[in-house]
Every structure is written in structure tokens, then in C-alpha cells.
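The values are calculated or read from the model by the stated rules, or taken from the named source; none is laboratory data. Given the structure is predicted, the values throughout are model-derived calculations rather than measurements. Don't worry about glycine lacking a Cβ; one is built from the backbone with ideal geometry, like all the others, and counts go over all protein chains shown.
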Amino acid sequence: MKPASFDYVRAESSEHAVQMLAQAGGDGKIIAGGQSLMPMMNFRLVKPSVLVDINLIPGLDRIEQRGDRLALGALVRHRITAADALIASRIPVLHHAMKHVAHLTVRNRGTFCGSVCHADPAAEMPMMTLLLNGLIHVISERGQRVVAAQDFFVSSLVTSLEPDEMVTEIEVDTLPPGTGWAFEEFARRHGDYALAAVAVTMARRDDVASETRIALMGVGEMPMRMPELEAMIDGRNLSDTLVDEVVEALRGQITPNSDINGSSDYRRHLAGALTRRALSDAWSRADTGAA
């Protein structure tokens, strides 16, 4: 199929882009990589009256360090994220996750911020943004605002972004030296959407876990942080018994959908198995901090 007719505007600046969105009266769309938007337009699932192309706006393709956080601009492609030295050294869990993102053609065009805005519950970037306490920087003709990741995702393919707003960048935490991390994903074929995925980070001092973060995707309508499980781990040694308790609690908290790729029970079992592996890997990678 082909998309419904639309107008096209090449934005010269972020201000110009949001001006065009405002003029579209809620019927415009930003296009950067277009790897999710264009297929949806071809199937006429969305029919914007105007596409606002931001690809020539200067400064949006940068990754910048800001203290203990990194900011990824709206034009940072997946391939840039995957190859960036700062991300590899300061956020190794994100660097590893990029290996699972789609295929080469998609990674060459798709953007980190675009994936977060698309909010597919089986995509890696929304989950990583949630895991890393992401802050989404948003502008419109009405001004600027910053949205925490936990408030940005509403449901499958739905965010709190208003029709006249544009994301300019996303800030995420870096990991302190010695942080343990792990990323586990299962898909039928490499590059396919995940049936389930888990990401974990934690500190380890004198064989006691702290600052644990656990995030999941593919097992709900949006990416999930698991604060109750994190609290179960912090302050304790990550023994096999504790891991069993965490996995059992996890399976009791999630209600995945059934579809042609797997039943709800299968996804629940898979999420537990991936979590068990991720916890073990993060624990083993963490600096023990022993005196």
C-alpha cells in the first residue's frame, strides 16, 4: 500500500519544526529516521497531513556528556549509539543492547529518540530509557518541558507527547565504575522484535547488592521497571535462594499477552529465565568492593 497524500516541510530549526506542528493543528508528524512512521503510513494506520523533516537541523546529532549523564540528540542514529565510545565506556549495558536492535538498514536510519517516541513495547530503546532514569526534553510553541521516562510511556505506542510537541534530546544515567550489568533478550531470529528482554544493573560491595535496577520489555503494554524486585535484592547477598524468590515474584507480577509468537504462560516463563540469567551476569560483573 501507499500512504495517503501529505505535505512535506524541511525544518530549518527546532523552532521552525514546532511552528509547523502547531500550524498542522494536531495532524502533523516529525520525521527523522522514519523506520516506524513510514510503514505505518503505508498501511494507513496514521495519516498525517504534513511531515516535518528535522534531518537538516544542526546540533541534533550529538551525544554529549553532562556530569554523570549523557544526552542523545533527536538525530542520533542507532548506528551512532552503537559505535559511540562514551556509551561503550560509561553505559556498557546500552552498548550491548544496541546489538539486538533490528537490522543494519534500520540502524543506519532509525534514531534513539524516535524509537522512544514510537513506544513499541517490544523495542529496546524505551526499556533502556526507563532503566537509565531517562529525561525526555520536549519543546513546542508553548515552551519547553522535561518528562521523566516513567511518566512518558502511557501504553503500547502511546506516550504523553502532545501533537504539537517535539523531542529534542533524551538524557540518561551513566553507570558508576564497577557497576554490574546485564542485558538478555530472546527473539525468534536476530533483529526480530523480542518475545521478552531483561536489563539489570547493580552495585556490589562486600558481597551485598545495592542500587539495583531491573527493567523488562515484551511482557506488557509498555516497558516496565520492577521496583519491588529491586527492593528485594538491595541490601542482600545475591544467593541462589534470593534469585529464586525474585524470579517467582517476577512471574507473579507480569501478565503478558498471548499472540501467534507465544502464549502468556510461555512469555512469563521466558521472562523469569532471562531475569535469572541477567541477575547472575550482573552480579558476576560487579566490582565486589572488598577491602
Q) When only residues in the range 103-121 that are part of a loop (DSSP other than H, G, I, E, B) and touching a Ser or Thr at 6+ places or on another chain (Cβ under 9 Å) count, which is nearest to Ala182 (Cα to Cα)? A) Pro121
(Q) Taking the criterion of being modelled with pLDDT of 95 or more and not hydrophobic (A, V, I, L, M, F, W, C), would at least one residue in the range 182-196 satisfy it? (A) yes
Q: Could you grab the pairs with beta carbons closer than 7 Å, sequence gap of 6+ or different chains, first residue in the range 227-243 and over 22 Å from Leu132 (Cα atoms), second one in a loop (DSSP other than H, G, I, E, B)?
A: Asn237/Asp207; Leu242/Arg236
Q) Quick one: would you say Pro48 is out of contact with any Leu (no Cβ under 8 Å at 6 or more places or on another chain) and assigned to a helix (DSSP H, G or I)? A) no
**Q.** Residue in the range 234-266 that is farthest from Thr288 (Cα to Cα), counting only those that are small (Gly, Ala, Ser) and in a helix (DSSP H, G or I)
**A.** Ser264
Q.
I'd like the full set of residues that are loosely packed, with under 12 Cβ neighbours inside 10 Å and more than 24 Å from the chain's Cα centre (by Cα), limited to the range 222-251.
A. Gly235, Ser239, Asp240, Thr241, Glu248
Q: Kindly indicate the residue of the range 255-275 that is modelled with pLDDT of 95 or more, out of contact with any Phe, Trp or Tyr (no Cβ under 7 Å at 6 or more places or on another chain) and surrounded by 18 or more Cβ atoms within 10 Å (Cβ to Cβ) and also farthest from Met226 (Cα to Cα) among those meeting that condition.
A: Arg267
Q: With respect to Arg251, determine if the residue is of a type in the set (Lys, Arg) and closer than 15 Å to Leu131 by Cα.
A: no
Q. Just wondering, is there one or more residues in the range 82-98 that are in contact with a helix residue (DSSP H, G or I) (Cβ under 7 Å, 6 or more places away or on another chain) and either among the aromatic types (Phe, Trp, Tyr) or part of a loop (DSSP other than H, G, I, E, B) (or both)?
A. no
